[in-house]
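To start, the structure under review is shown below, and the notes come after it.
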Amino acid sequence: MKTLSLLLAFCFFGVIDQIHGNAVLVEFEMSDNKLEYMHIPRSMIPCTIKEGDRIQFIKDNDTLKVNCAPFKERK
């Protein structure tokens, strides 16, 4: 849950580590070079994904958005 609370405050990039049916394991590299992992529902990701793909999480107006590469700049 530590990673989730950090996600809610910032913009993070993650890498799809594993896909198991409707569950996705996302890997995040933290500022101290440690890896953190978070399971999210596949339904949160608005694109077709495969292992190794990068995704972006952005907190925008009290909503958590997930973007797929290529990433758009925040306005």
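The values are calculated or read from the model by the stated rules, or taken from the named source; none is laboratory data. Only a predicted model underlies this, so the values are computations on that prediction, with no experimental measurement involved. As a convention, Cβ positions derive from the backbone with ideal geometry for all residues, glycine included, and neighbour counts pool all protein chains shown. The area values use the complete protein model at the heavy-atom level, side chains included, leaving out ligands, DNA and RNA. Shrake-Rupley method; radii C 1.70, N 1.55, O 1.52, S 1.80 Å.
Under 8 Å between Cβ atoms, which residue pairs at least 6 apart in sequence (or on different chains) link something in the stretch 28-44 that is of a type in the set (A, V, I, L, M, F, W, C) with a partner that is open to solvent by 100 Å² or more (accessible area, probe 1.4 Å)?
Phe28/Tyr37; Leu35/Glu29
Any residue at all in the stretch 64-75 that is assigned to a loop (DSSP other than H, G, I, E, B) and either at pLDDT 95 or above or among the small types (Gly, Ala, Ser) (or both)?
Yes, the stretch 64-75 has at least one match.
Residues being over 13 Å from Gly14 (Cβ atoms), modelled with pLDDT of 85 or more and outside any loop (DSSP other than H, G, I, E, B): count how many of those fall in the stretch 25-63.
3
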